[in-house]
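I have placed the structure first, in the form of structure tokens, so that the comments after it can refer back to it.
The values are calculated or read from the model by the stated rules, or taken from the named source; none is laboratory data. Nothing here was measured: the structure is a model prediction, and the numbers come from that model. Cβ placement follows ideal geometry from the backbone for every residue including glycine, while neighbour counts extend to all protein chains displayed. Ligands, DNA and RNA are excluded from the accessible area calculation, which covers all protein heavy atoms including side chains. Shrake-Rupley method; radii C 1.70, N 1.55, O 1.52, S 1.80 Å.
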Amino acid sequence: PRIDPKGPTLFTCTTYLAKPGKYEQLVEALTSFFRYYDSDKIREFLVINEYDSKDTNDKIHTLEKQFPFVRFITKTRDQRGQTKSLNLILDYLRDNNYTYWIGWEESWYSFKPFVAEAHDIMENTRLGQLQFTNSWRGIPKEQIVEKPTYTEILPSRTYPPHWVGGDEKFWPLFSLRPGIDRVANLLKTGYFDETPEKWPISFEYDYSLKWINHSNKGILKSYAVDRSHDHVSTYAT
């Protein structure tokens, strides 16, 4: 891929290579992303591998040969957990003066070009986040604003103080699904709560409640990312 050493964007993909099937999903995710990558805005590609007592160095070495332009990072025992990965990414975004962050997980894959269009939208709007997937259910019509290339979702007047489940109308818009985020908005929101009791959903909901106070949400109209059919959540393994 074309890489601009001064590009505004960081791409990260989190994975858990010690879990069954995750290696194959990661290969599919990266292969499909680079197959349709149509931009030169990304400065670095990072894959962050979750710590596990099982050694995955052999898989990392194979991946490094297949994707030599990607930097693979395996976390230490003290860095275990999804929230720790996200907070490490926030630090990296700040320390390296990034403008945008494309966040990914190994179970998602691309099926057409979209990165150039996504950057164009971010650079010509004030969106805090542009999501690449199409699933966003139950939003009332009065909160939906159709734009030429993306759909803006206006926030609800109120959200539950804690996650209650159900349709996305009860969720304060921010999502960890594949998308592009404006780094300034993330840094203004702060860190994710690493309290174990907040895992696996409440930490994201709490973050969203803070993010929504100063950010707005868009969804790419011509969505370009879908989830692998054999996805099994790490939470369930």
Could you tell me which of the residues Arg177, Arg137 is open to solvent by 40 Å² or more (accessible area, probe 1.4 Å), closer than 30 Å to Gly7 by Cβ and assigned to a loop (DSSP other than H, G, I, E, B)? Arg177
Would you please list the contacts, defined by Cβ atoms under 7 Å and residues six or more apart or on different chains, that run from a residue in the range 149-170 that is under 18 Å from Ser135 (Cβ atoms) and touching a residue at least 40 places away in the same chain (Cβ under 8 Å) to a residue that is hydrophobic (A, V, I, L, M, F, W, C) and open to solvent by 60 Å² or more (accessible area, probe 1.4 Å)? Thr151/Ile144; Ile153/Ile144
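Please go through the range 40-56 and pick out each residue that is among the polar types (S, T, N, Q) and either free of Cβ contacts under 8 Å to residues at least 12 places away in the same chain or over 17 Å from Val27 (Cβ atoms) (or both).
Keep residues of the range 40-56 that are among the polar types (S, T, N, Q), which gives 49, 53, 56.
Listed by number, the list holds a single entry, Ser53.
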Failed condition for Trp136, given (1) among the hydrophobic types (A, V, I, L, M, F, W, C); (2) within 21 Å of the chain's Cα centre (by Cα); (3) modelled with pLDDT of 95 or more: (3)
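Quick test for you: out of Leu46, Leu17, pick the one residue that is surrounded by fewer than 19 Cβ atoms within 10 Å (Cβ to Cβ), at pLDDT 95 or above, touching a strand residue (DSSP E or B) at 6+ places or on another chain (Cβ under 8 Å) and farther than 20 Å from Ala224 by Cβ.
On the way: Leu17 fails: surrounded by fewer than 19 Cβ atoms within 10 Å (Cβ to Cβ).
Selected residue: Leu46, the only one of Leu46, Leu17 that is surrounded by fewer than 19 Cβ atoms within 10 Å (Cβ to Cβ), at pLDDT 95 or above, touching a strand residue (DSSP E or B) at 6+ places or on another chain (Cβ under 8 Å) and farther than 20 Å from Ala224 by Cβ.
In the set Lys59, Lys84, Lys54, Lys22, which member is out of contact with any strand residue (DSSP E or B) (no Cβ under 9 Å at 6 or more places or on another chain) and more than 28 Å from Thr189 (Cα to Cα)?
Details: Lys59 fails: out of contact with any strand residue (DSSP E or B) (no Cβ under 9 Å at 6 or more places or on another chain); Lys84 fails: more than 28 Å from Thr189 (Cα to Cα); Lys22 fails: out of contact with any strand residue (DSSP E or B) (no Cβ under 9 Å at 6 or more places or on another chain).
Just a single option satisfies the conditions, and that option is Lys54.
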